[in-house]
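Chemist: I have a structure here, written as structure tokens, and I will follow up with some questions on it.
Just so it is clear, none of the values below were taken in a lab; they were calculated from the coordinates. None of the values given here were measured: they were computed from a predicted structure. Neighbour counts are summed over all protein chains in view; Cβ atoms, including those assigned to glycine, are modelled from backbone coordinates with ideal geometry.
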Amino acid sequence: MIEVSVFKKPAVISFLVKKLNEKYPHKQIGKTIVQKMIYLLTREKFVDYQYSMYHYGPYSSEVASDLSLCEALGMLRIDWVENKGYFITAGDNERYEGLLNEEDKNKIETIVDKYGIFDAKEISIIATALYIKENVETASDNELVKIIVSLKPECEAGLIREILVRGGVIPPK
């Protein structure tokens with residue numbers, strides 16, 4: 001019998017990657033995307049990971065550790081490609097997928113449907129904005145955009161605003 005408390009979170013990560021691979025077969029799924037997608041699931045109170053702010057947005061050392069566990073168990077394959085980054089694909093996770101009920105799978109699929117279209121940069125901006133909204137008092141959407149620009153100066157305010165609108169974080173003007 002598989003110990004649920006040990007393998008449930010890795011099963012969530014593995015199923016998330018599987019669904020991202022299925023829905024977006026030509027998309028690069030790397031560690032940043034997995035970190036941010038799991039953050040979005042954490043916000044939904046679906047999984048419980050501790051996050052703190054990092055350069056690329058919310059980061060969890062627990063998720064990083066569980067990614068390594070997934071790889072060690074063959075649930076995921078993680079490859080590094082020079083000048084391109086990490087490529088994560090689903091492995092043999094049928095044994096662990098049984099730890100997830102239909103409601104669990106539906107919650108993961110809902111997050112994939114809503115946010116899976118975004119690339120690593122975009123999902124990082126969305127997750128950062130949501131983290132700021134939860135942890136810092138901001139007076140307005142404009143202030144939120146300014147904070148993100150200060151954290152990600154390589155991005156223009158207009159681009160950030162457009163990504164946040166597409167991600168449903170702020171309403172269109």
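Chemist: Put a dot 7 Å past each Cα toward the Cβ at Asp113 and His26; how far apart are the dots in nm?
Modeler: 2.4 nm
Chemist: Okay, moving on. Excluding residues on the same chain fewer than 8 positions from Lys105, give the lysines whose Cα lies under 28 Å from its Cα.
Modeler: Once the sequence-local lysines are set aside, what remains near Lys105 is Lys8, Lys9, Lys18, Lys19, Lys23, Lys27, Lys31, Lys36, Lys45, Lys114, Lys121, Lys133.
Chemist: As a footprinting exposure proxy, order Thr32, Thr110, Thr128, Thr42 by other Cβ within 10 Å, with the fewest listed first.
Modeler: Result, fewest neighbours first: Thr110, Thr42, Thr32, Thr128.
Chemist: Provide the convex hull volume over Cα atoms per residue for the chain, in Å³.
Modeler: 118 Å³
Chemist: On a full-extension model of 0.36 nm per residue, what is the gain between Glu102 and Ala139, subtracting their alpha-carbon distance, rounded to one decimal in nm?
Modeler: Answer, rounded to one decimal: 9.4 nm.
Chemist: Right, something else. Can you give me the long-range amide H partners of Tyr54? Hydrogens built in the peptide plane at 1.01 Å from N, cutoff under 5 Å, separation of 5 or more residues or another chain.
Modeler: Tyr59
Chemist: Here's something else I'd like to know. Could you list Phe15, Phe7, Phe46 in order of exposure, starting from the residue whose Cβ has the fewest other Cβ atoms within 10 Å?
Modeler: So the residues, fewest neighbours to most, are Phe46, Phe7, Phe15.
Chemist: Where does the chain land at 222 nm, in deg cm²/dmol rounded to the nearest 500, when only DSSP H runs of n ≥ 4 count, each adding -39500 (n - 2.57), divided by all residues?
Modeler: So the helix-based figure for the chain works out to -18000 deg cm²/dmol.
Chemist: GNM, the chain, Cα, under 10 Å: largest mean-square fluctuation among Met75, Met53, Met37?
Modeler: Top of the fluctuation ranking is Met53.
Chemist: Quick one: dipole size for the chain, taken about the Cα centre, charges +1 on Lys/Arg Cβ and -1 on Asp/Glu Cβ, in debye to the nearest 20.
Modeler: For the chain, the charge dipole is close to 320 debye.
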